[in-house]
Amino acid sequence: MVPYLELPALRDVPALIDFVDVDSQKWFDYAETATGLKRALFASEGRRVRRLEIDAARRARAVAVVSEAEAELCREHCAPTPVYGIGNGVDLDYFGAVSPPEDSADQPHCVFVGALDYRANVDGITWFCREVWPEMRRRYPQATFTAVGRNPSAVVCRLADLPGVQVVADVPDVRPYLARASAVVAPLRVARGIQNKVLEALAARRAVVASSGALDGLDVEAGRHALCADLPSEWITALSRLFDDAALRNEFGASGRAFVELHHGWAPRLAPFGDLLSNLITQRRAVAASCQ
């Protein structure tokens, strides 16, 4: 949409561009985990997207991204255009309607919810199934892991061949799958911005285990609102704690819900966005008045 700002009728209209994430950095992150030709291609794409971000910022009065961490990164290459971090909210009523967690001691169950054709998600759950899940199944032979989301790639579909792994595609409502979960997992090795899947799980009062990257951009306190794990051993320890202790699952569920109620309701999250738009309009009016 940015090229439309060059239309004569729009050139003097103040523009706010919402990047959401610093997408160029995602491609640089992909390059870090790739080898050979893919590494070069991802790095090239990162440079091209970075040039687009710089050009777009030059045409705008302000840029918004979804977290202060993204804003700090964006400011490095989009100055002097002001960059603001304005976080996402979550539908507290919708996800609050998920039924209370069940005591799943007999059959512990973990769930991933997200687009199953998105590279970062595919990479994350493939790594989880290869590096973490075999040991979890050894310890908990009845344990199951379900990946829920739209349009699963061929790689994701093949994960269903592994013991205890299920892939469920294109469901109309993810809440019944969250309701079954002893833990919701977000094992992303590449993550930008705010992970809505984490916000939704917290809003549904579910215990969450997530990588440090998946928690970046959220002000959650690891060990209080969610468990953080990066190494396979950390994942195994965290999931084992939750599988073994229903009271602990409930404790994390309640703490996570309280966190999103306090910080991620849509009304307080949108207020800074409205203030920013109002300020841009006020500035334009002031400039117009001074020219009369």
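The values are calculated or read from the model by the stated rules, or taken from the named source; none is laboratory data. Values in this document were obtained by computation on a predicted structure and should not be read as measured data. Using ideal geometry, Cβ is built from the backbone for each residue, glycine included, and neighbour counts are taken over all protein chains shown. Calculation scope for accessible area: heavy atoms of the full protein, side chains included, ligands and nucleic acids excluded. Shrake-Rupley method; radii C 1.70, N 1.55, O 1.52, S 1.80 Å.
Given the structure, is PHE128 under 21 Å from SER233 (Cα atoms), in a strand (DSSP E or B) and aromatic (Phe, Trp, Tyr)?
Judged against the criteria, PHE128 is not a match.
Residues PRO3, PRO14: which one is open to solvent by 60 Å² or more (accessible area, probe 1.4 Å) and either within 21 Å of ARG284 (Cα to Cα) or at pLDDT below 95 (or both)?
When all the criteria are applied, what remains is PRO3.
Which members of the range 190-207 meet the condition of being open to solvent by 10 Å² or more (accessible area, probe 1.4 Å), more than 8 Å from the chain's Cα centre (by Cα) and of a type in the set (Lys, Arg)?
Across the range 190-207, the qualifying residue is only ARG205.
Go through the range 152-168 and give me each residue that's surrounded by fewer than 19 Cβ atoms within 10 Å (Cβ to Cβ) and among the small types (Gly, Ala, Ser).
SER153, ALA154, ALA160
Considering (1) open to solvent by less than 40 Å² (accessible area, probe 1.4 Å); (2) over 21 Å from LEU199 (Cβ atoms); (3) touching a helix residue (DSSP H, G or I) at 6+ places or on another chain (Cβ under 6 Å), say which one ALA60 fails and leave the rest.
The failed condition is (3).
Condition first: among the polar types (S, T, N, Q) and surrounded by fewer than 16 Cβ atoms within 10 Å (Cβ to Cβ). Can you find one or more residues in the range 131-151 that meet it?
The answer is yes, given that some residue of the range 131-151 is among the polar types (S, T, N, Q) and surrounded by fewer than 16 Cβ atoms within 10 Å (Cβ to Cβ).
Can we say GLU45 is surrounded by fewer than 21 Cβ atoms within 10 Å (Cβ to Cβ), touching a helix residue (DSSP H, G or I) at 6+ places or on another chain (Cβ under 7 Å) and under 21 Å from VAL190 (Cα atoms)?
Details: surrounded by fewer than 21 Cβ atoms within 10 Å (Cβ to Cβ): yes; touching a helix residue (DSSP H, G or I) at 6+ places or on another chain (Cβ under 7 Å): yes; under 21 Å from VAL190 (Cα atoms): yes.
The answer is yes for GLU45.
Here's the yes/no breakdown for (1) small (Gly, Ala, Ser); (2) under 20 Å from the mean Cα position of the chain (by Cα); (3) within 17 Å of PHE95 (Cβ to Cβ):
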position	(1), (2), (3)
LEU248	no, no, no
ALA254	yes, no, yes
GLY265	yes, yes, yes
PRO272	no, no, no
LEU280	no, no, no
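Would you call PHE145 within 20 Å of the chain's Cα centre (by Cα) and farther than 18 Å from ALA115 by Cα?
No.
Hey, any hits in the range 92-100 for a residue that's within 30 Å of ALA267 (Cα to Cα), open to solvent by less than 40 Å² (accessible area, probe 1.4 Å), touching a strand residue (DSSP E or B) at 6+ places or on another chain (Cβ under 9 Å) and not polar (S, T, N, Q)?
No; the residues of the range 92-100 include none that is within 30 Å of ALA267 (Cα to Cα), open to solvent by less than 40 Å² (accessible area, probe 1.4 Å), touching a strand residue (DSSP E or B) at 6+ places or on another chain (Cβ under 9 Å) and not polar (S, T, N, Q).
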